[in-house]
Structure formats: structure tokens, C-alpha cells
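Trainee: One structure follows; several queries about it will come next.
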Amino acid sequence: MKSLKVVLAGVFACTLFAFTTTSVEKVPQKVKDAFTQKFPDAKSVKWDKESQNEWEAAFKMKRMKYSANFTNDGMWKETEHEIEEAQVPSNIKKSLMEKFKGYTIEESEISETPQGMVYEFEIKKKETEMEVALDASGKVVSTEDHDKEDKD
């Protein structure tokens, strides 16, 4: 009985993996070409279809994990990578803590888009979780309350 459960668990895991990972062959050539041009040193690239019109590549470069998004026609939209809290510039951290008193930083990352760079944070205060983005001057450019999303 245990071996049957193990086999079924393995089949389920393989099936789940097959449906959540996209084959490189399905990624439009324009997307692959744009990715290769922008990130020629990328390693271990894995593709996922984010939406009907967008692809996301997860990859490693210079020993860091990145993700980059492209439209179906190969237009680059965004690149993100996590950073340690200690790597957040002091003016950004100060601004975040002043505007969101009592919150703690759960995750920090840098997001680059054609419009510029922002620092994105997942922050938490008791049961409230938010995603906040600040520009390089420390100005809040977006907030997203995760609790409201979960209730909808």
C-alpha cells in the first residue's frame, strides 16, 4: 500500500510539473531572441507563460537568481532579482520605515523596467501584508494590500 502511495505521489508530481513548466519550444522565437540579446550570460533558463501575452524567464546570472518578463513580440517589460535587506540603500529603507511604521521587511528586490528602477518590498505588520515599491529617491510609487486581495 505504501509503494502505491509513493507511485501515485510521483505521478501527481510529474503531472503537476508538466503543466506548470513550459517547454522552450513553445516560447515564441522573438521572445527567445530578445532574451538572449538582453541576457547573453544567463544560465539555467526556465520559461513560464505569465499570461496570454507575456512570458517569464527564471534564470541565473553572476550567481544570482533573476526573472525577466517579455511580451509575445519580444518586448522586454521587467527584470527582478532579490537583494538582502542590508543591500537596500539607507535613504530607501529610511523612507520605507517612516511611511510604514511598525512594518517589518519580509522580502526585498530590485525591479528594472523601461521606465526605470524601483525597490520592491513585501512588508508585514501583524496580519497585514503589503507589497510596496519605492523609486530611487524613496518616493512610494505603488502599494498593494495582500489581505484585501485574499478576501476578494
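The values are calculated or read from the model by the stated rules, or taken from the named source; none is laboratory data. The shown structure was predicted, so the numbers you read here are calculated from the model rather than taken from an experiment. Cβ placement follows ideal geometry from the backbone for every residue including glycine, while neighbour counts extend to all protein chains displayed.
Trainee: Restricting to the stretch 38-80, give me the number of residues that are of a type outside the set (D, E, K, R), assigned to a strand (DSSP E or B) and buried (at least 17 other Cβ atoms within 10 Å of the Cβ).
Mentor: The number of residues fulfilling the criteria is 14.
Trainee: I've got another one for you. Residues in the stretch 109-138 that are touching a helix residue (DSSP H, G or I) at 6+ places or on another chain (Cβ under 8 Å), of a type in the set (A, V, I, L, M) and loosely packed, with under 14 Cβ neighbours inside 10 Å: how many?
Mentor: So the answer is 1.
Trainee: Restricting attention to the stretch 23-37, which residues are exposed (fewer than 11 other Cβ atoms within 10 Å of the Cβ) and modelled with pLDDT of 95 or more?
Mentor: Listed by number, the residues that qualify are Gln29, Gln37.
Trainee: Sort out which residues of the stretch 89-108 are crowded, with 16+ Cβ neighbours inside 10 Å and in a strand (DSSP E or B), and write them in order of number.
Mentor: Residues satisfying the conditions are Ile105, Ser108.
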